1. Kindly indicate the residue of region 324-341 that is more than 13 Å from Ala105 (Cα to Cα) and in contact with a helix residue (DSSP H, G or I) (Cβ under 7 Å, 6 or more places away or on another chain) and also surrounded by the most Cβ atoms within 10 Å (Cβ to Cβ) among those meeting that condition.
2. Residues that are farther than 24 Å from Gly122 by Cα, at pLDDT 80 or above and among the aliphatic types (A, V, I, L, M): find the helices (runs of 4 or more DSSP H) completely inside region 240-327 holding 1 or more of those.
3. Considering only residues that are of a type in the set (D, E, K, R) and more than 20 Å from the chain's Cα centre (by Cα), which ones fall in region 107-149?
4. Would a scan of region 105-120 turn up a residue that is in contact with a Phe, Trp or Tyr (Cβ under 7 Å, 6 or more places away or on another chain), among the aromatic types (Phe, Trp, Tyr) and either surrounded by 23 or more Cβ atoms within 10 Å (Cβ to Cβ) or touching a residue at least 12 places away in the same chain (Cβ under 8 Å) (or both)?
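The values are calculated or read from the model by the stated rules, or taken from the named source; none is laboratory data. It should be emphasised that the depicted structure is a prediction, and the values quoted were computed from it without experimental measurement. Every residue, glycine as well, gets a Cβ built from its backbone with ideal geometry; the counts of neighbours run over all protein chains shown.
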Amino acid sequence: MIPIIEFVLGIAVLVYSAEKLIGYLVGVASRWAVSLFLVAVVFTGIEFDDLAFGIALNLEDLSEVALGTVIGTTIAMTGIVLALMAIVAPCEIDVPKSYLVLFAAAPVVMYALALTGALSVGVGVALLVLFVAFVGWIAYREYSARRPVFRNAELYEQLEKAGVGAGGGTATATLTREGDEGPVSTPTDGGGDHPHRFELPPDLRVDQGFLKARATSPAGTIVLAVIALIGLVVGALIAGQGTEGILEEFAIEGTVFGVTIATLALTLEDILLSVEPSRRGAPEIGIANVIGSVVFSVTGKLGIILLVGGAILVDDDTLVWHLPVLVGITILSAIFLATGKLRRWHGYVLLAIYVTYFVLSLVLFGEVPVDD
């Protein structure tokens, strides 16, 4: 029972920290004038919690679970996270084609290396170099293209200058729009009876968390974001401890647990970091989270796990089942993103593929006992 409590507690810490991180990312981008897409790739794409989780598992001689979690969380990023983002908050997207090519190619490179039957420390170095090159390319493209730090930054600046959400003594009137969950307060004009009105786009969701984050000092945004990331890592370590106990107590085969139960729980964090930002008016965070997480998982994260924990043998089930599914669903996701709009039917297709994969994984491999 204690391992289950540890696992649940760890996931709870992950979810809370992820929710806090969303607002802090907008604050970092706004206060440091850095592309929100790039900030999200670095802070959410580089999944410190999953990385700590995978390293802990490999150090505990649970390399099957470590590899299974790498593959499973990567598949879940598109089959669950991107799918739910499309279903709950479909939106217009503008992702450079070069990003999508790298996004689709990363799992193919990992699969090619895994066909040798083992992932060595040398492979880990190569994968880590590939991820650094990926982030470098994103940074270069975002800077040279002068992409905005935040899609709705100018509108938020107008609201902030007028005193909305600042907690000051400015008189306010209420402006509501169809589809809003609640009223948006706008300041009155010089104490008169007519409110000062803003031209707000229909898809804008004025988020008090974003307003607060943007009002934080530049150094404060970094500190708060780092604290949230530390929370993610702590939650991952607790969840990893519980995972080991669950494996021993219930004798579940390692790779199966990694690609099913542990993956679903860890994916709650990414759902929050993708679906919620899109609903709150910052879809850049969600898309960057998905693209960055997929590339990081199969390059940087796997590379660091190999460097710290040693080589991992790749079994036949992984080569003929899990990795082909990973490559296929990632390429399909890249095709959907290339259309320029994330549609609900995209989400239903991706979710159906994941559910099929999940069920077949349990049916075909769920009764294999864990090795001593």
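1. Applying the filter and picking the extreme gives Leu337.
2. Filter on region 240-327 gives 283-296.
3. Arg141, Arg146, Arg147
4. Among the residues of region 105-120, not one is in contact with a Phe, Trp or Tyr (Cβ under 7 Å, 6 or more places away or on another chain), among the aromatic types (Phe, Trp, Tyr) and either surrounded by 23 or more Cβ atoms within 10 Å (Cβ to Cβ) or touching a residue at least 12 places away in the same chain (Cβ under 8 Å) (or both), which makes the answer no.
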